[in-house]
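What follows is one structure encoded as structure tokens, with my remarks underneath.
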Amino acid sequence: MSHGLNIAQQEAVNYLQGPCLVLAGAGSGKTRVITHKIGRLIQTGLKPDQVAAITFTNKAAAEMRERAKALIGRQAKGVLICTFHALGVRMLRQDGQALGLKQQFSILDSDDVTGIIKEAGGSTDMATARQWQWIISGWKNKGLNAAQAQAQASGDEDLLIAQVMARYEERLSAYQAVDFDDLISLPLKLLQEHEDVRLKWQQTLHHVLVDEYQDTNATQYEMLKLMVGERGRFTAVGDDDQSIYGWRGATLDNLKRLPQDFPTLKLVKLEQNYRSTSAILRAANNVIGPNPKLFPKTLFSELGEGEPVRVIDCDSEEHEADRTVARIQSLRAGELLTSAGAQFKDWKDFCILYRANHMAKPFEKALRRAQIPYKVSGGQSFFDRAEIKDLCGWMRLMVNNNDDPAFLRAVTTPKRGIGHTTLGTLGTFASQFKLSLFESLFSNSLGSVLPAKAVGSLHEFGRYLNDLQYRAQHTIGAAAAKVYLLDWLKEIDYEKHLYDGEDSEKVAAARWNNVLEFCDWMSKRCGGEIEDASGATVEKERKTMLEVVQTIALLSTISEREGDQDVVTLSTLHAAKGLEWPHVVLAGVNEGLLPFKLDDDDGINTDSIELRLQEERRLMYVGITRAQRTLAVNWLRRRKKGRDTIAGTPSRFIAEMALDQNTIKQSPLEKIKALRAEFAQRAADGVKAQSLAEAQYNDKAK
DNA sequence: TTTAACAAATTTTTT
DNA sequence: ATTTGTTAAA
């Protein structure tokens, strides 16, 4: 099992006795180590289902499963490879009853959560609701419940939010629903308070591998500790330089504490990079250099110097997109390369990375104009689309009648003469009698608070839902599911609803297409026959529709086979972690974007500016190290900010890359430095950057 | 009371 | 440019 591994990798794979921490630098083959170690564990006699590998994203889990399958064959199927959250769902479905959670609980997406918090807060607007949601989530990730949050609250606002949190939690349990944070904190509670459950999981899982360990938060670490128990049979793989989820509660403390909590911890460092050229790696090392080191390591590459890193200055977002498209086309034609070597001519060899989702738009436009196929990953997911959320609302309500957010969505789509006034009264009625909205539909005293007409429409809706529910229980397998779904859509006349709601026929058609795709996907998931990678037909476990619906909230992507599409990738830096491309363009590397504006303390972010800067630097590092052969770094002279345009300054990280003078053709390093100094001076003088940009622009016009 | 049309305001990163 | 709150018509 150790063929093709270097010494350090072998060491990590073969150490099975106890806790093991693998410090894996970027591109050092950490997925390889994990998959080989899974194989090794099975080779030494463990059954596949005694091994678990936990990843951070669904995508990473999918890839891991793929790689494991390639290495050890069909046995990989039995290995539990999933995200922390998916593992949490599994635990709660199996043993959640011990916490008073019924098996058919709902998982709320973050929009649902915002809505509930808004309600729980009384008269709060959307923006503050989001802020509070953020803060509450932060508390939950630290393992605090509402009462504890109240106890540690500092200041009136914290106290108020803690009270809202208490009401929010009440509602969740009334709805029999959980949010994303609960998927970690509730299983943790389960393991803490129920010894039988804890022992069961400890006996089941003989070895747990954790990928991207640096991104775990406090509750995840506690959960891991309880899962592996005293014996501490686990392998944590991570890189402190790639920790970019601090804003989500991830903490490097977990890395620091590991050697203390497990004194027998075996430490292995992977320092050879197999991904990038020396030129790229040097830039990466220079950027990360100023950050304090938890475990010092020196990455090296044997792939040779390679192409110099390019810095490209652009006039605007549109200009940047055009230049980037031109660059991609040139590279595909074999131009721009100073040295011969393997060329990468497929669209899928190219990737454009940026800080924030909305930055994808200009690139999408330019790529479409140039007729280059592309995909946007890590943006708005398929399941965030309004039409899909409509359908999921119906299904969630079918699975869990107490799911009030789902009720509200379903009852109003399509419009059936029930509006907010009726729903408002229904809502107060329901909370008065401590019923869910759906339950109160059938209450006898409903007629005393609502006009007969409204009661009639509500009853009709309720009866229809019961009917749907009944049919869903008897619908098993892909073919039946498909018929069921299409019948349902016809009955509620959803297609008409889409065309009515959209003034552009094209958009409506696209939405309807999404709906059909969703039905297709749903029915496939219901099992029966499914084609696997090789096109062979594989029998999958058959599931009822209800079972499938429950897992939807966790998924972010619908296409399971996106790897083999030959398309250019657009992605956020965060979503790009763990991935690599021959040619990478980092877009919008400006002060204020990357690093993101660090100045204003809005009171939400408790971390110091220095800590936040360090995380931004790691983000830049992650971006640079995605590249295998060529890397271009763009910055904007003028960029849009809200409605108006402001002057752009190159990111300090560009200077920190310490590129060779002569490698910066378009924009010499000195020029960047001078420009930055100039802007800094102006800012100090109190001159608004905007007016400076105006002046520059006018100069150019002359 | 519902629904459609209109005005206003809002952009970090993900499960 | 999209999405939320507001107002007017049905």
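No lab work stands behind these numbers, since they all come straight from the coordinates. Bear in mind that the values here come from a model prediction, so they are computed numbers and not experimental data. Cβ placement follows ideal geometry from the backbone for every residue including glycine, while neighbour counts extend to all protein chains displayed.
So for A:Tyr221, A:Tyr484, fewest C-beta neighbours within 10 Å to most, what's the order? Let's see the in-between values first.
Details: A:Tyr221 23, A:Tyr484 20.
Fewest-to-most ranking of A:Tyr221, A:Tyr484: A:Tyr484, A:Tyr221.
What order do you get for A:Met223, A:Met126, A:Met522 when you list them from fewest to most C-beta neighbours inside 10 Å?
A:Met126, A:Met522, A:Met223
Each label point is 7 Å from the Cα along the Cα-to-Cβ direction; what then is the distance between the points at A:Phe382 and A:Arg368, in nm?
2.0 nm
Tell me the mean residue ellipticity at 222 nm calculated for chain A from its helices only (DSSP H runs of n ≥ 4, each -39500 (n - 2.57), averaged over every residue, nearest 500).
Counting only the DSSP helices, I get -15500 deg cm²/dmol.
Ranked highest first by the average count of other Cβ atoms within 10 Å around their residues, in what order do A:16-26, A:285-295 fall?
Listed from highest to lowest mean packing, they are A:16-26, A:285-295.
With angles folded into 0 to 90 degrees, how steeply does helix A:30-43 sit against the dominant principal axis of chain A? Use alpha carbons for both and round to 10.
Helix A:30-43 sits at roughly 60 degrees to that axis.
Could you derive backbone 3J(HN,Hα) for the range A:140-157 from the dihedral phi with the Karplus parameters 6.51, -1.76 and 1.60 (θ = phi - 60°), listing whole Hz in sequence and x where the residue is Gly or Pro?
Residue by residue, the range A:140-157 yields 4, 5, 8, x, 8, 9, 4, 5, 5, 4, 5, 5, 8, 4, 10, x, 5, 5 Hz.
What Rg and what Dmax come out for the range A:167-210 when only alpha-carbon atoms are used, in angstroms?
13.4, 40
In 5 Å bins starting at zero, report the fraction of Cα pairs in the range A:280-423 per bin as a rounded %.
2, 7, 11, 12, 11, 11, 10, 9, 7, 7, 7, 5, 2, 1, 0
Hey, can you rank A:94-100, A:209-215 by average C-beta count inside 10 Å, highest first?
Highest to lowest by the protection proxy: A:209-215, A:94-100.
With a Cα-only, solvent-free Debye model of the range A:383-554, what are the log10 I(q)/I(0) values at q = 0.13 Å⁻¹?
-0.70
Taking 0.36 nm per intervening residue step and subtracting the Cα-Cα distance, what contour gain separates A:Asp196 from A:Ser339 on full extension?
In short, 45.2 nm is gained.
Taking H as built 1.01 Å from N, whose amide H comes closer than 5 Å to the amide H of A:Asn590, not counting residues under 5 places away?
The answer is A:Ser651.
Between A:Lys47 and A:Asp493, how high is the FRET efficiency from 1/(1 + (r/R0)^6) when r is the Cβ-Cβ distance and R₀ = 60 Å? Nearest 0.05. Can you show the working numbers first?
Numbers: r = 51 Å, r/R0 = 0.85.
The formula returns an efficiency of 0.75 here.
What are the residues whose amide H is under 5 Å from the amide H of A:Tyr374, where those residues sit 5 or more places off or on another chain and H is modelled from the backbone?
Answer set, sorted by chain and number: A:Val568.
To the nearest 10 degrees, how steep is helix A:84-95 against the longest Cα principal axis of chain A, on a 0 to 90 scale?
Roughly 20 degrees between the two axes.
State, as an integer percentage, the relative contact order of chain A based on alpha-carbon contacts under 8 Å between residues 6 or more apart.
For chain A, the relative contact order is 17 percent.
With θ set to phi - 60° and the Karplus curve 6.51 cos²θ - 1.76 cosθ + 1.60, what are the ³J(HN,Hα) couplings of the range A:362-368 in order, to the nearest whole Hz, using x for Gly and Pro?
The phi angles translate into x, 5, 4, 4, 5, 5, 5 Hz.
Only residues of the range A:14-46 count here: report those whose backbone N is under 19 Å from the spot 7 Å along Cα→Cβ of A:Asn6, or say none.
Within reach of a label on A:Asn6: A:14-15, A:21-37.
Applying the Karplus parametrisation 6.51 cos²θ - 1.76 cosθ + 1.60 with θ = phi - 60° to the phi angles of the range A:7-18, what ³J(HN,Hα) value in whole Hz is obtained for each residue in order, glycine and proline being reported as x?
Whole-Hz 3J(HN,Hα) from phi for the range A:7-18: 4, 5, 5, 4, 4, 5, 6, 8, 7, 10, 5, x.
I need the calculated FRET efficiency for the pair A:Gln97 and A:Ala356, taking r as the beta carbon distance and R₀ as 41 Å, to the nearest 0.05.
0.50
Tilt of helix A:609-624 relative to the longest C-alpha principal axis of chain A, in degrees (0 to 90, nearest 10)?
It is inclined by approximately 80 degrees.
May I ask for log10 I(q)/I(0) of chain A at q = 0.08, 0.10 Å⁻¹, from a Debye sum over the Cα atoms as equal point scatterers with solvent left out?
Values, matching the q order: -0.72, -1.13.
Calculate, in nm to one decimal, what A:Tyr464 and A:Thr204 gain on full extension: separation in residues at 0.36 nm each, minus their alpha carbon distance.
Once the chain is fully extended between A:Tyr464 and A:Thr204, it gains 89.3 nm.
Looking at this model, which pairs from A:Lys389/A:Lys506; A:Lys102/A:Lys200; A:Lys69/A:Lys189; A:Lys345/A:Lys365 are more than 27 angstrom apart at the alpha-carbon?
A:Lys69/A:Lys189
Over the range A:106-175, what number does the Rg to Rh ratio reach, with both radii from the alpha-carbon atoms and Rh per Kirkwood?
0.93
If R₀ is 30 angstrom, what is the calculated FRET efficiency for the pair A:Ile418 and A:Ala479, using the beta carbon separation as r and rounding to 0.05?
The computed FRET efficiency comes out at 0.30.
Taking the number of other C-beta atoms within 10 Å as the exposure measure, put A:Trp134, A:Trp488, A:Trp201, A:Trp635 in order starting with the fewest.
Neighbour counts put them in this order, fewest first: A:Trp134, A:Trp488, A:Trp201, A:Trp635.
Work out, step by step, the length gained on full extension between A:Asn14 and A:Asp111: first 0.36 nm times the residue separation, then minus their alpha carbon distance; give nm to one decimal. It would help to have the intermediate numbers written out before the result.
Values: separation 97, 0.36 × 97 = 34.92 nm, distance 4.51 nm.
Additional length available on full extension: 30.4 nm.
Of A:Lys59/A:Lys256; A:Lys118/A:Lys434; A:Lys37/A:Lys293; A:Lys140/A:Lys348, which sit over 29 Å apart, Cα to Cα?
Correct reply: A:Lys140/A:Lys348.
Name the shape class, rounded, prolate or oblate, that the alpha-carbon gyration tensor gives for the range A:171-280, where a ≥ b ≥ c are the square roots of its eigenvalues, rounded holds for a/c under 1.5, and otherwise prolate holds if a/b is larger than b/c and oblate otherwise. Walk me through the numbers before you get to the answer.
Details: a/c = 2.56, a/b = 1.48, b/c = 1.72.
Taking the square roots of the gyration eigenvalues as a ≥ b ≥ c, the range A:171-280 is oblate.
Mind listing the long-range amide H neighbours of A:Cys314? Cut-off is under 5 Å, sequence gap 5 or more, other chains count too, H placed in the peptide plane at 1.01 Å from N.
Under 5 Å from the amide H of A:Cys314 lie the amide H atoms of A:Trp635, A:Leu636, A:Arg637, each far enough along the sequence or on another chain.
Quick check on packing: order A:324-335, A:352-363 by the mean number of other C-beta atoms within 10 Å, highest mean leading. Could you put the intermediate results ahead of the total?
Values: A:324-335: 16.5, A:352-363: 20.8.
My ranking of the peptides, most packed first, is A:352-363, A:324-335.
Nearest-5 percent of antiparallel DSSP beta bridges in chain A?
Around 20 percent antiparallel, to the nearest 5.
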